[in-house]
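The values are calculated or read from the model by the stated rules, or taken from the named source; none is laboratory data. What you are looking at is a predicted structure, and each value in this text was computed from that prediction instead of being measured. Every residue, glycine as well, gets a Cβ built from its backbone with ideal geometry; the counts of neighbours run over all protein chains shown.
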Amino acid sequence: MLTALYLVLHSIEEMKQMEPTNHEAGDKWEVQLRKGCLELAILAALWEGRLYGLEILRRLESDSDLVVSEGTVYPLLSRLKALELLRSEWVESDSGHPRKYYALTAAGKKRAIEMAGTWAQFSASMSKLIAPLERKEKGNK
Amino acid sequence: MMTAAESNQKVDAYLRRLNALLRGMSKEDAHEIIEELRAHITEKATVNGEVTTTAVDAALAGLGDPDELAAQYATDAVLARAEVSRSPVRILKVLFRWASLSVAGFFVLLGSLIGYSLGLAFILSALLKPFFPARTGLWYFPASGDSTISLHLGVTGSAVNGRELLGWWIVPIGLAVGSGLLMLTTQFALWCVRRYRRSRVVRVR
């Protein structure tokens, strides 16, 4: 039993090392930060109403600095749907092919509000904490 | 310079490869993903009403390597389904799929199977004790001849040389330990799933 547990932990560690690490240490922090925000950003983008994948990508690009790849957003949408935070429907379009639209479920709306609250609180206290650093930066210029 | 037919073939080849890699998913789920991405590529590659080959290449590059994309889809969807469920049956089903996708999944499945079957053995022993009081219990068999010892849990054929350790205590202890093991194993599996999910890195363009 213990051996099995050890093997599990060991292989998880190993897999972590196999993950792409082509980012510098500073970049990596930024990647983690963006990654943490992406879920909230998608839920927020859908707050006003349903959107399809490409619209969500464009919204993220135009309204935030979250320039993430399609290869990240589509699997995440599929996961949020599996978690029942989003629902989806196929809608015919003028362009000739149907589009898969995503919309928030009741649980998704609740989660978005919760996350937005946490984010507002966190960013306010973080801004307070880093205020001296920003003054210093201005002084140097 | 590629022709329109050639870039169409390129998209088809990409999606076929992705479809083959989504083997951990149900057919309908995989089909939805393929159709969604086909619509995405078509729309992204259409500039002023025309599909250009450079735009097709750009759209495919945005989606990235099919192997990587399939791995993200499969683990993300499969693991998310485990997280909304606490039922051992559903978790085991998910773990079987995860095991087919990665080495870590295989070991988590192995650990969970051991945990669940041990838990079930305890519960079964507790339930069978009233019906086969003489043959059910936790038995200690000092193996004759050599120095090895052997513990048997459950129903034994005969209890000739064995010493029963718990007597009727097997009923409450078996139920408590058994259900405890089932719960612990579920927690363990979910913990592994979350830990693995958190370790995945988002690709930034």
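Restricting segment A:88-121 to residues that are acidic (Asp, Glu) and not in a helix (DSSP H, G or I), the residue that is surrounded by the most Cβ atoms within 10 Å (Cβ to Cβ) is A:Glu89.
Residue count for segment A:62-87 under the criterion of being more than 10 Å from chain B (Cβ to nearest Cβ), at pLDDT 85 or above and part of a loop (DSSP other than H, G, I, E, B): the result is 0.
Pairs are defined by a Cβ separation below 6 Å, a sequence spacing of at least 6 or placement on different chains, a first member in segment B:87-98 that is within 16 Å of B:Ala74 (Cα to Cα), and a second member that is of a type in the set (S, T, N, Q); the pairs so defined are B:Leu95/B:Ser112. Please work out if B:Asp76 is of a type in the set (D, E, K, R) and either at pLDDT 85 or above or in contact with a strand residue (DSSP E or B) (Cβ under 6 Å, 6 or more places away or on another chain) (or both). So B:Asp76 does not fit the description; no.
Among the candidates B:Ala39, B:Ala70, the residue that is touching a His at 6+ places or on another chain (Cβ under 8 Å), hydrophobic (A, V, I, L, M, F, W, C) and either within 13 Å of chain A (Cβ to nearest Cβ) or farther than 20 Å from A:Thr72 by Cβ (or both) is uniquely B:Ala39. Scanning segment A:57-70 for residues that are crowded, with 22+ Cβ neighbours inside 10 Å and over 14 Å from A:Cys37 (Cβ atoms) turns up A:Leu57, A:Glu70.
Okay, residues lined up against (1) within 14 Å of chain B (Cβ to nearest Cβ); (2) in contact with a Ser or Thr (Cβ under 6 Å, 6 or more places away or on another chain); (3) basic (Lys, Arg):
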{"position": "A:Ile56", "(1), (2), (3)": "yes, no, no"}
{"position": "A:Arg59", "(1), (2), (3)": "no, no, yes"}
{"position": "A:Glu89", "(1), (2), (3)": "yes, no, no"}
{"position": "A:Ala106", "(1), (2), (3)": "no, no, no"}
{"position": "A:Ile113", "(1), (2), (3)": "no, no, no"}
{"position": "A:Ser127", "(1), (2), (3)": "no, no, no"}
{"position": "A:Glu134", "(1), (2), (3)": "no, no, no"}
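Look at (1) outside any loop (DSSP other than H, G, I, E, B); (2) among the hydrophobic types (A, V, I, L, M, F, W, C); (3) in contact with a helix residue (DSSP H, G or I) (Cβ under 7 Å, 6 or more places away or on another chain) and you find that B:Met25 fails only one, number (1).
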